[in-house]
1. Sort out which residues of the range A:269-316 are among the acidic types (Asp, Glu) and without any contact (Cβ under 8 Å) to a residue 40 or more places away in the chain, and write them in order of number.
2. Would you check which residues across the range B:218-237 are facing chain A (nearest Cβ under 7 Å) and free of Cβ contacts under 8 Å to residues at least 12 places away in the same chain and list them?
3. Give the residue that is farthest from A:Ala54 (Cα to Cα), with candidates limited to residues of the range A:432-471 that are in a helix (DSSP H, G or I) and among the polar types (S, T, N, Q).
4. When the range B:338-364 is examined, which residues are found to be more than 25 Å from the chain's Cα centre (by Cα) and not in a loop (DSSP other than H, G, I, E, B)?
5. Of all the strands (runs of 3 or more DSSP E) wholly in the range A:130-193, which have at least 2 residues that are within 30 Å of B:Ser277 (Cβ to Cβ) and within 14 Å of chain B (Cβ to nearest Cβ)?
6. Output the residue which, of all residues in the range B:247-264 that are in contact (Cβ under 8 Å) with a residue 12 or more places away in the chain and in a helix (DSSP H, G or I), is nearest to the other protein chains (Cβ to nearest Cβ).
7. If you take the residues in the range B:265-291 that are more than 9 Å from chain A (Cβ to nearest Cβ), in a helix (DSSP H, G or I) and not hydrophobic (A, V, I, L, M, F, W, C), which one is surrounded by the most Cβ atoms within 10 Å (Cβ to Cβ)?
8. Just give me the residues in the range B:365-383 being buried (at least 16 other Cβ atoms within 10 Å of the Cβ) and either of a type in the set (Gly, Ala, Ser) or assigned to a helix (DSSP H, G or I) (or both), in sequence order.
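The values are calculated or read from the model by the stated rules, or taken from the named source; none is laboratory data. Note that the coordinates shown come from a computational prediction; the quantities given were computed from them, not determined experimentally. Neighbour counts are summed over all protein chains in view; Cβ atoms, including those assigned to glycine, are modelled from backbone coordinates with ideal geometry.
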Amino acid sequence: MSLSSTSSHTMDKSITLPPDEIFRNLENAKRFAIDIGGSLTKLAYYSTVQHKVAKVRSFDHATKVNRDDKLYEISVQEEVTARLHFIKFENAYIETCLDFIKDHLVNTDTKVIKATGGGAHKFKELIERKLGLKVDKEDEMTCLIKGCNFVLRNIPHEAFVYAKHADSEFRFQTTQPDIFPYLLVNIGSGVSIVKVESEDKFERIGGSSIGGGTFWGLGALLTKTKRFDELLQLASKGQHTSVDMLVKDIYGGSYGSLGLTGDLIASSFGKSATADKEFSKEDMAKSLLHMISNDIGQLACLYAKLHNLSRVYFGGFFIRGHPVTMHTITYSINFFTKGEVQALFLRHEGYLGAIGAFLKGAEEDNPNQYSWGENYAGSSGLMSVSPDMNPMQRARSGTFDMLEMDRLERQLVNLPLLQDPSSYIPDTMDLTEDALAREYWLYCFEEALDGVVKRAVASQPDMPEAAQRAEKFRQKYRHKLQTLRQQPL
Amino acid sequence: MAECVRLDSSTSSHTMDKSITLPPDEIFRNLENAKRFAIDIGGSLTKLAYYSTVQHKVAKVRSFDHATKEAASDKLYEISVQEEVTARLHFIKFENAYIETCLDFIKDHLVNTDTKVIKATGGGAHKFKELIERKLGLKVDKEDEMTCLIKGCNFVLRNIPHEAFVYAKHADSEFRFQTTQPDIFPYLLVNIGSGVSIVKVESEDKFERIGGSSIGGGTFWGLGALLTKTKRFDELLQLASKGQHTSVDMLVKDIYGGSYGSLGLTGDLIASSFGKSATADKEFSKEDMAKSLLHMISNDIGQLACLYAKLHNLSRVYFGGFFIRGHPVTMHTITYSINFFTKGEVQALFLRHEGYLGAIGAFLKGAEEDNPNQYSWGENYAGSSGLMSVSPDMNPMQRARSGTFDMLEMDRLERQLVNLPLLQDPSSYIPDTMDLTEDALAREYWLYCFEEALDGVVKRAVASQPDMPEAAQRAEKFRQKYRHKLQTLRQQPFAYGSLTVRSLLDTREHCLNEFNFPDPYSKIKQKENDMALKYYQKAVKSLEELSWEQRQFALVRGVLAGNVFDWGAKAVSDVLESDPEFGFEEAKRQLEERPWLVDSYDQWFERLKGPPHKCALFFVDNSGVDIILGVMPFVRELLSRGTEVVLASNSGPALNDVTNGELQILTERIAAMDPVIQAGLREDRLMLVQSGSSSPCLDLSRLDKVLAMVVRERQTDLVIIEGMGRAIHTNYYAMLSCESLKMAVIKNSWLADRLGGKLFSVVFKYEVPAGKPSQHSAALSPL
């Protein structure tokens, strides 16, 4: 399960971690990488997974006569495949997690852990002491880009467009056959704007000091609110028009000859220059959010135009899982490019650095040679929607988030006969966008669950614990269905 | 009076309030002759523009009627002072608080206008509309703000030399002025008011707002007020100039412990503005927060400006708006940002009269039927306040000036001015040899020099109008005004663009004109011309007797000796006044023997052996001996060689320089005595044109359009520039696309010292542009 509200309030630094759920398959872990950001740690490891596969085999013609009249033989075999595990947790849990890993690590011959992120050097000593592994630092930007390339290539529906007022907040993009070139706008404390041209070629073409740290820092000074999330909460409730000077505040309406509408912000915080009054925290936070989002959006557009790029992905803690900032950035991009460029976001944006660091360390295993698939059973879904819509979920920050990817046996490519691979959508109906259809099918799958469980147990008549496993399956799948009802994405 | 307001601002500014009585003769000058009005009302300042006709006295010369000549004295020509009407543009800037007082004042003094309308622009225009209409009885006609801004910008860029400047905080001179470009388009104008507008200007009438930002001056002010509880914009800038941004901003080294080498980010780069205030649990000083805010906003604007400039392939970017206006702090941060983002490829440019752009534009919109863009205009130094600010800390007294009045006046020039077509590279041409803004020693000397000479100039001015009893009083006013200008320039050498000997001379001429001394030297010139003419034939005859080789040298020595006669140079005016008999021959003896300080006579002589020039353009200098005994024989020789000659002289008087009017008469007289000159005139091989200037110096980028046309038509292949003002103070380094000859005698010991020579050293500089083989290699035998 993706850890839910029931477990979050019992968690603190001394929690006992549920091993089978969070650090899955740790005893078979081979390689580690860690990405320590300003507040969150992302741990990555690679494990070999033994699991059962059903095989079918033709009966030997010579012996066919002495068997019954079955067409072929069915056998269950153990198979070893590779899996990538990514876990995200707050920096506060880092020591607990390291202890847990140390206790459960059995079969590894790794001597090194790849590390990246601004916090890597701060925790270096702790990691080396706890795990007995040498911390090997990797360049942050290189890891980020590597990770980004990896998810874009391997996870279908990784990228999405955010539309606050649409039927479905998230509109997922189909995987493009060629992911390059693209622009990555990473909004951390500051902003880095990176042009990525190929697997190994990228360049930081620009940046800005007006980023997440500015929102947080100026917001804290203006509102005396110290937490980033709370600042966003304030912003989502505020009215920027009481602080900002609009075009109509100056000209009494639109400025037609220049094509400026009356509601356009002429001057951020322009009203607080002369008005002798108190402004609400909410309004100031909202104005600040608009100011920063618009500025970043404008810079991103200008750099995109200058370098002739149409795909622009946004990431970094300013964006990560915050519908408020995804909305303002999207708005800004639409405004400045008149729809020519779409603001794209990534489902697993928070893991990019960890994935990249891991890939750097695993280069000898050539992970890029394989195709990988997201394991839905082992992965938490995209977590947030508007904070007001589902306040329960906000409590989840403080918990663990996971992504697992299985190495596929065969490399997967497009059917060469597709007329337009970039617009091909396999699914006929998008249940994310069709609420009625979603209702029906979720209900349908829930109804069918009992039958599936029964069928599963019956398929293994000679295994006594099958019923117990089937029950676990039922719980897990039902939970997934419940999650999907709440968050269809 | 305005000058005092400006000078003694510390004493007068606190006595000013809304009920002040305005000193009419200084601030709203010539209001009784005002024709057209325009007003630009901004957030805090009002800019008023009007057009007036100015009557002023000009000295004219006229030949005596030959029939009545006997009756007159033996004077060569008649000098009369006439009234002339010219056009002048007035621009006045004051705080909005004074607007009512000013409107009342205007109403009371407006006499002769038949205007029914006042053009208005600026955000405040609609707020004050009713007040203006009620007070003035004029209909307020609103004009588009951006259109006015651009129109005004085009106008100052085209008409005011040294309008644009680069700001360099730590350089010898804070302001580095740019020379006027022959083509001002295309450019980017970044107007930083409450917000930011980024406008691409492609031609006089074509502009487009290609971008903008809501993070502008209002954001600095608004956020600054919230963060520091400081409500005044100026105070916020003051705070910022004292703060340390590093205590609030998160630097690259704060995150990575040093630089981020692989991305090329240095450790001191700001990674996150206000990044430290996100987590640090401490109080930040107002100064530090203001500084961080200033950096954040300036950097952002600079970055956007660079991106838009790159995207539209523009390299000239001008910044304006109240965020910039007269604030060295913001000019510095914007300049820094532009340098950072473009690595020096784009320069941040600022404008001296940036605050007036809207008013100028609104005025031009209203005056379109008068076709103001058809004329050339010149800044009147006498009626204009200079550029005001330096770093607020350096000169706190000046900050007190906001609260007073600032003025710009521009005179319509009689002639349209253009580049000399023979400039090698018009865009890099700088007329002035020495920039006194950047050279403190030279500045000290010349300011002292002009102050010393002031008494003599006043005396001369009074003497030039013996029959006018109030001349002494006017002359005294002139003295005060010019002395005050010199004092201002000592404090703010950049007040009118780059300070040069030329600008000091021009300012003096403007001030003399202002007090109706149009030509203090007219009588002296007349007398000297008279005397010199008597020697003309004798001088020509003695030259004729020389061999060809000897004559060529004697002609050059004649021009040089003639040039010793110059009232503009102090060393000489002393001699001339004490010993009027100082003769031509004596002057020749005073001349330095060869080799001269700069001596390319041999090359010139070799060249003379070659084929004659097609046409020579000769910029002449002084009246009297110089023009008559020095230049004319030289011209005569050129004509004899088969070279056409264009004599270019000043349109208006300056010192004892010969004016075009005087030269017409002199040439006629000489022609009557000399068949060569007569034939030249008759056959149109000798032509007199005016330069378009009234300066003792010479700006080859602002010459009369007719002159430029003649030069082109006649395929001029030789330019001769004579005299210290035209060939040394200016144009010493000017590169021409044809052969050129610069001749002067250095009549100032300080300058001689500077150039490594001594008093009366000779500069004889003959230059052939690179790539053009000296034509004597054609080896045609002379004559």
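1. Of the residues in the range A:269-316, the ones among the acidic types (Asp, Glu) are A:276, A:278, A:282-283, A:295.
Hits for the range A:269-316 are A:Asp276, A:Glu278.
2. Residues of the range B:218-237 facing chain A (nearest Cβ under 7 Å): B:218-219, B:221-223, B:225-227.
Answer for the range B:218-237, where residues must be facing chain A (nearest Cβ under 7 Å) and free of Cβ contacts under 8 Å to residues at least 12 places away in the same chain: B:Gly222, B:Ala225, B:Leu226.
3. Here is the first cut: in the range A:432-471, the ones in a helix (DSSP H, G or I) are A:435-459, A:466-471.
Narrowing further to those that are among the polar types (S, T, N, Q): A:459, A:468.
Values: A:Ser459: 11, A:Gln468: 20 Å.
Checking each candidate, the answer is A:Gln468.
4. Across the range B:338-364, the qualifying residues are B:Ile338, B:Asn339, B:Phe340, B:Phe341, B:Thr342.
5. Once the strands (runs of 3 or more DSSP E) in the range A:130-193 are filtered for at least 2 residues that are within 30 Å of B:Ser277 (Cβ to Cβ) and within 14 Å of chain B (Cβ to nearest Cβ), what remains is A:182-187.
6. Here is the first cut: in the range B:247-264, the ones in contact (Cβ under 8 Å) with a residue 12 or more places away in the chain are B:247-255.
Retained after the next criterion (residues that are in a helix (DSSP H, G or I)): B:247, B:252-255.
Values: B:Ser247: 12, B:Val252: 9, B:Lys253: 12, B:Asp254: 9, B:Ile255: 5 Å.
Ranking the candidates gives B:Ile255 first.
7. Here the residue is B:Lys291.
8. B:Lys365, B:Gly366, B:Ala367, B:Pro372, B:Asn373, B:Ser376, B:Gly378, B:Ala382, B:Gly383
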